[in-house]
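Every number here is computed from the coordinates shown, using simple stated rules; none is lab data. Since the structure is predicted, the reported quantities are computational estimates derived from the model, not experimental observations. Reconstructed Cβ throughout: ideal geometry from the backbone, glycine too, with neighbour counts over all protein chains shown.
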Amino acid sequence: MSGEEKKRVRAVPKAKIKLTLQSLMKGEDDMKKAIDQAWDKLDTDKSGFLEKEEFREAINLVLVGEGDEEGIGEKQFNSFFDKVDKDDDGKISKDEWFKRARGLFKRMEENIDNEDAP
């Protein structure tokens, strides 16, 4: 093998991506605080935006952990990124993140409420 080993990639179920983002907000009852907390974890360079590679690294780290050989595939990641990047500027603003994460947070609360139902 050459000096660089290729990492294997696989399709990651959409549900796992959603659960990953929800896990970033876990333990927070207040939606805005939870979304801000997740943003702070993802915006590693503190630029106020999530650049594509920064977001990919964060998602892969949370999805598969450090040193794991598998990660989200290019096509699947691009599709997911494009859904969040509504203005197509190649980066995710905090407003774009808030809109997407708010929906995930609401679904997470609904799932918890449904689990508690008799």
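Okay, here's what the table says:
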{"read-out": "Per-residue HN-Hα couplings for the range 31-39 [Karplus 6.51, -1.76, 1.60; θ = phi - 60°; Hz; x = Gly/Pro]", "value": "4, 4, 5, 5, 5, 5, 4, 5, 4"}
{"read-out": "In Hz, Karplus ³J(HN,Hα) per residue of the range 74-83 (6.51, -1.76, 1.60; θ = phi - 60°; x = Gly, Pro)", "value": "4, 5, 5, 4, 4, 4, 5, 4, 4, 5"}
{"read-out": "Rounded FRET efficiency, nearest 0.05, which uses the C-beta distance separating residue 102 from residue 57 and R0 of 25 Å", "value": "0.60"}
{"read-out": "Links that overshoot a 24 Å alpha carbon limit, given the list 16/94; 16/52; 33/94; 75/106; 52/86; 32/75", "value": "75/106; 32/75"}
